[in-house]
Amino acid sequence: MTTLRLLVCLLFSIGLFGTPASAEALAKQLFGAKATGSHQKARSYGSYAKGCVAGAVQLPETGSTWQAMRLSRNRNWGNPQMIDFIGDLSAFAAKQPGWRGLYIGDISQPRGGPMLSGHRSHQIGLDADIWMLPTSRLNLSVKQRESISSISMRRAKGAYVNDNWSRAHHRILREAAKDKRVARIFVFPGAKVQMCNDEKGNRKWLRKIRPWWGHHYHFHVRLKCPRGLKGCENQAAPPAGDGCADAQKWVDDILNPPPPKKADPNAPKPKPRREYVLADLPKQCAAVLQSN
C-alpha cells in the first residue's frame with residue numbers, strides 16, 4: 001500500500017473526511033456498530049445477502065401479539081413492510097389454540113448490511129426468523145428472552161417432523177405463504193413434505209415453502225421488494241409447481257445419502273469467500289451509514 005493510500009485510510013478512519021469508515025474496514029464492522037436506524041425515507045437497497053436498509057423501523061420489543069427475542073443483538077429492525085407483516089401474521093397466530101402470538105428472532109440490524117455474526121442474508125430488512133415455539137405468554141422479561149430457546153420440530157436429521165409439530169404450525173405457515181408480500185419461506189425438508197401430505201385444499205401456496213438446511217427451530221420469511229422500490233433486488237421466483245417432489249428428494253437424500261463425488265485432483269481450489277467492504281455494497285449504503 002502506498003504512503004498516500006495509507007494516509008487517506010487514516011483520515012477516513014478518524015472521520016476527517018466526514019465518513020464513518022475507512023476504505024479498508026469490513027462492512028460488517030461498520031453496520032454492526034450502528035445502534036439506530038438512519039433518518040431517511042424507508043428504502044431497501046441491494047439484495048438479501050448484499051445490501052442495506054435506510055429508514056428502518058424498529059419492531060417494538062413487545063406488542064399485543066408478539067415479543068422480540070434476543071434483544072441484546074439489536075436485530076429487531078426492518079423495512080416497514082416487514083414490521084407490518086409481523087403484526088398481521090402474529091395476529092393470525094394468536095387465534096390458534098395454545099398460541100398468543102409469535103416470538104420473533106432476527107430481522108435486520110438498524111441499518112441492515114452484513115452482520116458481525118450469523119446470517120449472510122437479513123441485510124435489507126425483508127427477512128425475518130420466526131420461532132417455532134408456541135407463544136404461550138407475552139410477558140417474558142428481557143433476561144428471559146436472552147435465555148429461553150425455541151424447540152426443534154425435526155427428527156431423523158430433518159427427514160420428518162417430530163411430536164412438537166402441530167396443525168397450528170401448518171396453519172401459520174400457510175397463512176404466511178398466502179400473503180402476497182411473501183417471496184419465500186425456508187423450513188427444514190421434513191416439514192415441507194408433511195405440509196404437502198396434509199394439505200387437502202388449494203396447494204398453490206406450497207410453492208413458496210422451500211426446503212433448506214437447519215430451519216427446524218424457526219422458519220425464515222423473506223418478503224418481496226416493495227412494489228416500485230428502485231435499487232431493491234428480488235430473488236428469482238421459486239420454480240413452478242408446489243415443490244413437493246423436490247422436498248421429497250431432499251428427504252430421500254437425508255435417509256439414503258448419495259455417495260460422495262470423487263474429488264478432481266486437477267480442479268482449481270475454491271477461493272475462500274471474501275468479506276465485504278463498503279465499496280462492495282450498493283452505492284446508497286454509504287449514505288445510509290453517514291445519515292444521522
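The numbers here are math on the coordinates, done by the rules we state, and not lab data. All of these numbers come straight from a predicted model, not from anything done at the bench. Neighbour counts are summed over all protein chains in view; Cβ atoms, including those assigned to glycine, are modelled from backbone coordinates with ideal geometry.
Could you work out how far apart the two model spin labels at Q58 and E275 are, taking each label as a point 7 Å from the Cα in the direction of the beta carbon, and quote it in nm?
Between Q58 and E275, the simple spin-label model gives 2.6 nm.
Estimate the FRET efficiency between N202 and A49 by the formula 1/(1 + (r/R0)^6), using the beta-carbon distance for r and 30 Å for R0, to the nearest 0.05.
Using R0 = 30 Å, I get an efficiency of 0.45.
Charges only on Cβ, +1 for Lys and Arg, -1 for Asp and Glu: so what's the dipole of the range 105-244 about the Cα centre, in debye to the nearest 20?
Working: 26 positive and 11 negative charges, 81 e Å.
In debye, rounded to 20, the range 105-244 gives about 380.
Calculated from the structure, volume of the Cα convex hull per residue in Å³ equals which of (i) 117; (ii) 164; (iii) 137?
Computing volume of the Cα convex hull per residue in Å³ and matching it to (i) 117; (ii) 164; (iii) 137 gives (ii).
Relative contact order for the range 47-151: what is it in percent, counting Cα pairs under 8 Å that are at least 6 residues apart?
34 percent
What spacing in nm lies between the two simple spin-label points modelled at K178 and K143, each 7 Å away from Cα in the Cβ direction?
About 4.2 nm separates the two model spin labels.
Give the calculated FRET efficiency between A267 and R73 to the nearest 0.05, with a Förster radius of 45 Å applied to their Cβ-Cβ distance. Intermediate results must be reported in sequence, preceding the final value.
Working: r = 39 Å, r/R0 = 0.86.
For R0 = 45 Å, the calculated efficiency reads 0.70.
So what J values fall out for the range 283-292 if you push phi through Karplus, 6.51 cos²θ - 1.76 cosθ + 1.60 with θ = phi - 60°, rounded to Hz, Gly and Pro as x?
4, 5, 5, 5, 5, 4, 5, 6, 4, 5
Quick one: among A27, A263, A49, which has the greatest mean-square fluctuation in a GNM of the chain with alpha-carbon springs under 10 angstrom?
In this elastic network of the chain, the residue with the biggest mean-square fluctuation among A27, A263, A49 is A263.
With +1 assigned to the C-beta of every Lys and Arg and -1 to the C-beta of every Asp and Glu, and no other charges, what is the dipole magnitude of the chain about the Cα centre in debye, to the nearest 20? Walk me through the numbers before you get to the answer.
Details: 45 positive and 21 negative charges, 74 e Å.
Taking the Cα centre of the chain as origin, the dipole is about 360 debye.
Just subtract the alpha-carbon distance of Q29 and R171 from 0.36 nm times their residue separation and send over the number in nm, one decimal.
Details: separation 142, 0.36 × 142 = 51.12 nm, distance 3.91 nm.
Stretched out fully, the Q29 to R171 stretch lengthens by 47.2 nm.
Residue by residue, what Karplus-based ³J(HN,Hα) values in Hz, rounded to whole numbers, does the range 245-251 have, using 6.51, -1.76 and 1.60 with θ = phi - 60° and x for Gly and Pro?
With the stated coefficients, the range 245-251 comes to 5, 5, 5, 5, 5, 4, 5 Hz.
Counting each DSSP H run of 4 or more residues in the chain as -39500 (n - 2.57), what helix-only mean residue ellipticity at 222 nm follows after dividing by all residues, to the nearest 500 deg cm²/dmol? Please report the intermediate quantities before stating the final value.
On the way: 8 runs with 78 residues, N = 292.
Result for the chain: -8000 deg cm²/dmol, rounded to the nearest 500.
Cut-off 10 angstrom, C-alpha nodes, Gaussian network model of the chain. Which of V142, V193, V251 fluctuates the most?
Highest fluctuation of the listed residues: V142.
Straight distance only, please: which aspartates and glutamates reach the Cα of K208 with their own Cα at less than 12 Å, same-chain residues fewer than 8 apart left out?
E175, D179, D242
5 Å is the cut-off here: which amide hydrogens, built 1.01 Å from N in the peptide plane, fall below it relative to L102, excluding neighbours closer than 5 in sequence?
Here the answer is W66, Q67, since their amide H atoms fall under 5 Å of that of L102.
With a 10 Å cut-off between alpha carbons and a GNM built on the chain, which of R154, R111, R167 moves the most?
Among R154, R111, R167, the largest mean-square fluctuation in the Gaussian network model of the chain belongs to R167.
With the contact rule set at Cα under 8 Å and sequence spacing of 6 or more, what percent relative contact order holds for the chain? Don't skip to the answer; put the middle values down first.
On the way: 597 pairs, mean separation 62.0, N = 292.
Rounded, it is 21 percent for the chain.
If you average the sequence gap of Cα pairs under 8 Å that are 6 or more apart and divide by the length of the range 41-90, what percent do you get for the contact order? Don't jump to the answer; show the numbers that get you there.
Numbers: 58 pairs, mean separation 16.7, N = 50.
With pairs under 8 Å counted, the relative contact order is 33 percent.
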